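Structure first, then comments.
The values are calculated or read from the model by the stated rules, or taken from the named source; none is laboratory data. Computed from a predicted model, the values in this text were never measured in an experiment. Reconstructed Cβ throughout: ideal geometry from the backbone, glycine too, with neighbour counts over all protein chains shown.
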Amino acid sequence: AVGTGLNAHPELSQKVSEELTQLIGTKFVSSPNKFHALTSHDAINFTHGAMKGLAANLMKIANDIRWLASGPRCGLGELIIPENEPGSSIMPGKVNPTQ
């Protein structure tokens, strides 16, 4: 199936890692425990968790800016975003902060 190198030459994984390092330019190393490396997803889970946390924080910041800049009639209006483009004729007072 995937291959742990169980039936391969003992130096195969080290030689392949060295060859990949030379070809690609990024340091490759062979895992000391191939079975654990095949079943473990710790690095991917950690990275996904960090990205999910970052996305949640950015969404909160964006929503806070949207609410604080809402207005002029029934919004909070605590932030003033410069009008870079004219708003809509249907919605007077609308601001399009595009730049």
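Can you confirm whether segment 65-80 contains a residue that is modelled with pLDDT under 85, surrounded by 10 or more Cβ atoms within 10 Å (Cβ to Cβ) and polar (S, T, N, Q)? Yes, the conditions are met somewhere in segment 65-80.
Of the residues making up segment 12-48, those that are acidic (Asp, Glu) and surrounded by 10 or more Cβ atoms within 10 Å (Cβ to Cβ) are GLU18, GLU19.
Residue-wise test of (1) in the same structural domain as LEU79 (by the TED database); (2) in a loop (DSSP other than H, G, I, E, B); (3) at pLDDT below 90; (4) not β-branched (Val, Ile, Thr).
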| position | (1), (2), (3), (4) |
| --- | --- |
| THR4 | no, yes, yes, no |
| HIS9 | no, yes, no, yes |
| SER13 | no, no, no, yes |
| SER17 | no, no, no, yes |
| GLN22 | no, no, no, yes |
| SER30 | no, yes, no, yes |
| HIS36 | no, no, yes, yes |
| THR47 | no, no, no, no |
| ALA62 | yes, no, no, yes |
